[in-house]
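Worksheet for the structure shown next.
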Amino acid sequence: MNSYISLFDVIGPNMIGPSSSHTAGAVNLALMAYQLFARPIARVKFTLYGSFAQTGRGHGTDKALLGGIQGFATDDVRIRDSYALADAAGLEYEFVWDETTRTDHPNTVDIRLESPSGEVQTVRGESVGGGKIRILLINGIRVDFTGEYSTLVVRHADQPGVVAHVTQVLSRHGINIAYMRLYRDHKGGTGYLIVESDESIPGHFLKEIRENEMVHEIMLIQI
């Protein structure tokens, strides 16, 4: 077990707001959802649970989420004005403060994103402390990643050969895989391949991954 504690863990992240869990973590959760959606956002609905719902108003969790979904980082001063900026941009937003539903972690949020053309994506995540997060669900399918590494998320049909195709492309371009996990809703249904790398994953070769007809969508999170 690694007992190393970094200076970052002690003093927390650079951020706007009073709480690393309720503010910085909330920004990072919404920012991750924003990056995963990778298309214009017309409407967003945040459903907050547990401590997020109970104390989030006082800690500015709503401003943090609304800032992150507009692409702001934790130390971006625009977070203070995230409501006004969302209004000016024509972004429709809704907050649901659910203090009764039990979740595995007290700082949990569901984020529902909708594009101008009606495409929808849902993301559930947790703020686990010190501004760090964990993504648990994408479109109702269980996943598990943190965004602390460069992360490639591939939504695909659960059919033979997809994983081999993706890893071959990464190997040809010299990308070292730190972690790789596969999730699916059911056999033969929809799968999510999560690939995490210690190094930046260049986006220019993703078209090679898309050449496989079983690949439906690619999302790239860079650290």
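The values are calculated or read from the model by the stated rules, or taken from the named source; none is laboratory data. Note that the structure is predicted; figures quoted are calculated from it, not measured. Because the Cβ atoms are built from the backbone with ideal geometry, glycine has one as well, and the counts that use them run over all protein chains shown.
Just for the range 167-197: of the residues that are of a type in the set (D, E, K, R) and part of a loop (DSSP other than H, G, I, E, B), which one is farthest from the chain's Cα centre (by Cα)? Among residues in the range 167-197 that are of a type in the set (D, E, K, R) and part of a loop (DSSP other than H, G, I, E, B), the one farthest from the chain's Cα centre (by Cα) is Lys187. Exactly one residue out of Ser200, Ser117 is farther than 25 Å from Leu48 by Cα, assigned by TED's automatic domain parsing to the domain that holds Ile69 and in a loop (DSSP other than H, G, I, E, B): that is Ser117.
Can you work out which of the residues in the range 124-171 that are charged (D, E, K, R) and farther than 23 Å from Val44 by Cα is modelled with the lowest pLDDT? Per the criteria, the residue is Glu148.
Summed over the range 192-211, residues that are farther than 25 Å from Thr122 by Cα and of a type outside the set (A, V, I, L, M, F, W, C) total 7. Out of the residues in the range 168-197 that are hydroxyl-bearing (Ser, Thr, Tyr) and in contact with a strand residue (DSSP E or B) (Cβ under 7 Å, 6 or more places away or on another chain), state the one that is surrounded by the fewest Cβ atoms within 10 Å (Cβ to Cβ). Checking each candidate, the answer is Tyr179.
Within the range 26-58, the set of residues being assigned to a helix (DSSP H, G or I) and touching a Phe, Trp or Tyr at 6+ places or on another chain (Cβ under 6 Å) comprises Ala53 only. The single condition from (1) of a type in the set (Ser, Thr, Tyr); (2) closer than 25 Å to Ile223 by Cα; (3) free of Cβ contacts under 8 Å to residues at least 60 places away in the same chain that Ser115 fails is (3). Selection within the range 59-90: residues that are more than 19 Å from the chain's Cα centre (by Cα) and part of a loop (DSSP other than H, G, I, E, B). The member of this set that is modelled with the highest pLDDT is Gly90. Among the numbered conditions (1) assigned to a loop (DSSP other than H, G, I, E, B); (2) not assigned by TED's automatic domain parsing to the domain that holds Lys45, the only one that Thr101 does not meet is (2).
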